[in-house]
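Remarks on the structure that follows.
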Amino acid sequence: EAAVTQSPRNKVTVTGGNVTLSCRQTNSHNYMYWYRQDTGHGLRLIHYSYGAGNLQIGDVPDGYKATRTTQEDFFLLLELASPSQTSLYFCASSDPTGDSYEQYFGPGTRLTVL
Amino acid sequence: LAKTTQPPSMEAYEGQEVNVSCSHTNIATSEYIYWYRQVPHQGPQFIIQGYKDYVVNEVASLFISADRKLSTLSLPWVSLRDAAVYYCIVTDILLSGSFNKLTFGAGTRLAVCP
């Protein structure tokens with residue numbers, strides 16, 4: 001079964017702080033995604049990548065950078081964190097082959113920006 | 001992209017069969033239907049996907065109306081572990097190529113009573 005891990009699981013920072021959220025998948029999936037989840041908005045796509053060195057913009061990219069260093073590792077960077085970025089962040093991966101487009105999600109990182 | 005409409009909440013007793021409906025009246029011919037669920041403190045988990053007719057796997061079954069405007073996720077013999085938010089998602093794979101963009105709405109919150 002696909003495994004996606006995230007670290008840290010919880011993070012508290014202050015406004016203007018620099019935060020990096022990490023995601024690793026161990027199933028050689030090509031696609032990786034970063035979502036945020038807020039009450040009343042469901043999950044919203046921030047950035048995604050289809051391979052090492054690639055980065056694509058999602059639906060809510062403002063204030064976020066991302067980097068895909070290897071096929072396994074995808075990082076989300078908040079260089080000047082703001083309280084509006086307090087949220088639950090999920091990473092996911094997928095390998096669309098045939099008719100299966102299932103995404104595998106990590107356990108999430110809860111970020112609080114004071 | 002098709003918009004989905006689900007009931008905001010449902011309640012069932014353990015052992016009952018639960019049917020969660022999803023309306024997607026503007027679904028395009030190239031769009032597929034996915035169902036995910038999310039239990040508290042975890043990321044969403046894929047349940048089932050379909051295009052038309054009837055699909056079944058070890059977890060659930062999915063019935064799609066002939067005009068594809070309505071789908072129903074059926075969970076047999078629910079247990080307390082099935083208490084979760086269930087998301088119906090419609091996505092156009094052909095247009096997006098291999099990119100599997102999932103747009104999560106508010107979903108249906110299923111409460112299971114002992």
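Points worth noting:
- Estimated dipole of region A:1-103 in Debye, rounded to 20 [Cβ of Lys and Arg +1, of Asp and Glu -1, Cα centre]: 360 debye
- Chain B: calculated mean residue ellipticity at 222 nm from DSSP helix runs of at least 4, using -39500 (n - 2.57): -500 deg cm²/dmol
- Of all lysines in the structure, the ones whose alpha carbon falls short of 18 Å from that of B:K52, not counting any fewer than 8 places away in one chain, are B:K3, B:K69.
- Those trypsin sites (Lys or Arg not before Pro) in region A:1-100 that DSSP places in a loop and that have at most 13 other beta carbons within 10 Å: A:R9
- The fraction of all Cα pairs in the protein assembly as shown landing in successive 5 Å bins from 0 to the largest distance is 1, 7, 14, 18, 18, 16, 12, 8, 4, 1, 0, given as whole percents.
- Where GluC sites (Glu not before Pro) fall in DSSP loop in region A:19-114, at most 13 other Cβ within 10 Å: A:E79
- Using only the C-alpha atoms, the convex hull of region A:1-92 corresponds to 91 Å³ per residue.
- Over 23 Å [Cα-Cα, chain B], rounded percent: 24 percent
- Note on chain A: dipole from Cβ charges, positive end direction compared against A:L45, A:N30, A:G16; the farthest Cα belongs to A:G16.
- Candidate cross-link partners of A:K65 among the lysines, defined by an alpha-carbon separation under 23 Å and a same-chain spacing of 8 or more, comprise A:K11, B:K101.
- Partnerless cysteines, meaning none of the other Cys C-beta atoms lie under 4.7 Å away, in the protein assembly as shown: B:C113
- Neighbours of B:E11 by Cβ distance under 14 Å: Lys/Arg scored +1, Asp/Glu scored -1, total -2.
- Interface area, B with A, accessible, probe 1.4 Å, both sides summed, Å² nearest 100: 1600 Å²
- When a 1.4 Å probe is rolled over the protein heavy atoms, the share of accessible surface on region B:1-108 that falls to carbon and sulfur comes to 54 percent.
The values are calculated or read from the model by the stated rules, or taken from the named source; none is laboratory data. Not measured: the values here are computed from a predicted model. So basically every Cβ, Gly included, is an ideal-geometry build from the backbone, and we count neighbours across all protein chains shown. Please note that ligands, DNA and RNA were not included when accessible areas were found on the heavy atoms of the full protein model with its side chains. Shrake-Rupley method; radii C 1.70, N 1.55, O 1.52, S 1.80 Å.
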